[in-house]
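Have a look at the structure below before the remarks.
The values are calculated or read from the model by the stated rules, or taken from the named source; none is laboratory data. Since this is a predicted model, take the numbers as computed values, not measurements. Here the Cβ is made from the backbone with ideal geometry for all residues, glycine too, and neighbour counts use every protein chain on show. Surface areas here come from the heavy atoms of the whole protein model, side chains and all, with no ligands, DNA or RNA. Shrake-Rupley method; radii C 1.70, N 1.55, O 1.52, S 1.80 Å.
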Amino acid sequence: MALEVLEALDSARTQWYHVTAIVIAGMGFFTDAYDLFCISTVSKLLGRLYYFDPSSDKPGKLPTSVNNFVVGVALVGTLSGQLVFGWLGDKLGRKKVYGVTLILMVLCAIASGLSLGSSAKSVMGTLCFFRFWLGFGIGGDYPLSATIMSEYANKRTRGAFIAAVFAMQGVGIIFAGLVSMTLAGLFRSYYPAPSYIQNRVLSTQPESDLLWRLVLMIGAVPALLTYYWRMKMPETGRYTAIIEGNAKQAAADMARVLDIEIQAEQDKVAEFNAANNYPLWSNEFFQRHGRHLIGTMTCWFLLDIAFYSQNLTQKDIFPAIGLIDKEFNMSAISEVFQTSRAMFVIALLGTFPGYWFTVFFIEKLGRYKIQLVGFFMMSFFMFVIGVKYDYLKNESKGLFALLYGLTFFFANFGPNSTTFVLPAELFPTRVRSTCHALSAAAGKAGALVGAFGIQSLTVGGETKKIKKAMIILAVTNMLGFFCSFLVTETKGRSLEEISGEDGRESELTPTPNNTRAQGARSETM
């Protein structure tokens with residue numbers, strides 16, 4: 001039982017509106033990535049500014065607990081925001097809450113940079129407070145952007161479109177490094193200073209307090225520019241027809257978007273809804289979709305332990321690779337410049353290509369193969385780095401940098417992209433946003449393990465602990481490889497066929513349930 005409005009969306013040719021939707025949704029992810037990862041470029045600067053000890057041979061450093069909270073509190077907010085906005089996306093509509101996430105991101109990015117106080121504790125406290133709410137807004141973007149893009153796209157290019165939205169995260173990471181590097185370069189040229197070993201006090205320029213604030217506040221700009229266009233997007237046809245039950249409005253909205261005529265078919269909408277009106281917390285949902293929900297949640301959880309550990313701890317790995325000088329041989333702003341430059345290079349050469357390889361190959365290779373290969377290769381390269389860490393660090397820094405970059409490449413040409421795509425395709429319209437939110441929140445729980453657990457091993461720069469961290473991450477990725485067998489391939493099929501909403505027998509709709517659903521429909525007819 002197919003609705004004409006859904007068939008029209010599935011078979012529509014790729015047109016300018018699809019590109020516009022990718023840009024509008026993608027700019028949210030650009031902002032998300034910038035806001036989440038720019039803190040890594042300035043966290044060491046915060047230590048120099050607010051935890052300076054003139055008697056120490058090394059520059060000031062954020063205490064481990066403070067560092068973990070500064071870096072990780074946005075992830076706590078993101079997890080909370082994913083659950084709240086994901087649920088609201090199914091209850092109130094995708095569009096109605098889509099703009100709220102951007103408003104939160106704009107206000108809290110600015111407020112994070114304005115964090116004031118008379119002591120280190122008060123500055124860090126206000127910074128953590130606003131970064132929590134910044135993360136809350138960021139969290140809402142995950143389920144809403146993925147769901148909106150999946151429900152607008154045609155079935156031939158849906159995976160590439162969703163992956164393209166997520167690929168803007170790679171651009172945001174590059175931009176975080178570029179902005180920090182550019183600002184630090186300008187500040188360094190106007191406010192030169194000796195290295196820490198030359199002069200402990202003067203090595204931290206007073207102007208550097210403005211630098212970190214500007215880096216954080218610039219994250220408000222892309223979100224602000226995107227708000228108007230988000231508000232002009234119509235609600236998705238699938239939400240309007242299937243959840244609101246308004247076939248006429250859905251047909252009118254999608255006919256305008258796709259520039260074709262579509263019949264309303266209100267009677268079919270009623271039948272469609274009657275056949276699929278089961279809640280998330282029901283036996284029928286778990287019989288039909290439980291295995292895949294467990295699969296998307298566990299895979300994203302395991303992936304984000306590794307992915308966020310990589311991104312948040314790279315500032316601790318860079319000195320070992322030789323990409324930046326020792327901290328006592330740099331001034332405060334020079335350290336920001338070198339850390340940002342290294343982050344920019346790794347993102348440009350390793351992170352960014354991986355995202356776009358997924359965009360170009362996901363419809364050819366499929367989500368399943370890309371995820372399996374990505375997890376396996378990440379595990380392999382991290383295991384090699386962990387086992388051969390001493391040799392790579394002392395004898396072959398170029399090979400170290402190559403292996404480290406490849407872990408980023410296969411994260412993004414692999415599970416970091418596919419774990420975002422699959423939850424937007426596997427589940428029914430009525431609970432799609434919520435299921436994506438649950439999967440994404442599981443991922444952020446994994447990110448918190450990375451921020452509060454793995455980062456604690458790397459923050460001191462001790463060889464033994466870094467080796468241990470890399471081995472742990474290798475094992476984590478291998479677990480992700482095996483958990484990937486819980487999900488299935490979705491390429492080339494309509495969302496309703498994948499979820500079994502159209503009544504066709506599928507891997508997601510076991511034969512007994514499918515038979516019951518068909519019987520129920522025949523009785524109503």
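Overview of values
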quantity	calculated
Unmet criterion (only one of (1) over 15 Å from L107 (Cα atoms); (2) in contact (Cβ under 8 Å) with a residue 24 or more places away in the chain) for G135	(1)
Output for the range 49-65, where each listed residue is part of a helix (DSSP H, G or I) and farther than 17 Å from S309 by Cα	L49, Y50
Leading residue by the ranking (farthest from L422 (Cα to Cα)) among those in the range 323-362 that are buried (at least 18 other Cβ atoms within 10 Å of the Cβ) and charged (D, E, K, R)	E327
Number of positions in the range 175-204 that are over 23 Å from the mean Cα position of the chain (by Cα) and open to solvent by 50 Å² or more (accessible area, probe 1.4 Å)	13
Pick from the range 460-491, criterion open to solvent by 80 Å² or more (accessible area, probe 1.4 Å) and assigned to a helix (DSSP H, G or I), ranking: farthest from T157 (Cα to Cα)	K464
S203 over 26 Å from I24 (Cβ atoms), in contact with a Pro (Cβ under 7 Å, 6 or more places away or on another chain) and not aliphatic (A, V, I, L, M)	yes
Unmet criterion (only one of (1) among the hydroxyl-bearing types (S, T, Y); (2) open to solvent by 50 Å² or more (accessible area, probe 1.4 Å); (3) assigned to a helix (DSSP H, G or I)) for T78	(2)
Residue in the range 205-248 that is surrounded by the fewest Cβ atoms within 10 Å (Cβ to Cβ), counting only those that are among the small types (G, A, S) and part of a helix (DSSP H, G or I)	A220
Selected residue [part of a helix (DSSP H, G or I), within 29 Å of F52 (Cα to Cα) and under 26 Å from the mean Cα position of the chain (by Cα)] from V336, V359, V345	V336
Helices (runs of 4 or more DSSP H) enclosed by the range 385-452 - at least 1 residues per element that are open to solvent by 30 Å² or more (accessible area, probe 1.4 Å)	389-395, 397-412, 432-449
Selection from the range 197-216 of residues that are among the β-branched types (V, I, T) and touching an Asp or Glu at 6+ places or on another chain (Cβ under 9 Å)	I197
Leading residue by the ranking (farthest from I454 (Cα to Cα)) among those in the range 363-384 that are open to solvent by less than 20 Å² (accessible area, probe 1.4 Å) and out of contact with any Leu (no Cβ under 6 Å at 6 or more places or on another chain)	G366
Hey, L114 at pLDDT below 95 and of a type in the set (A, V, I, L, M) or not	yes
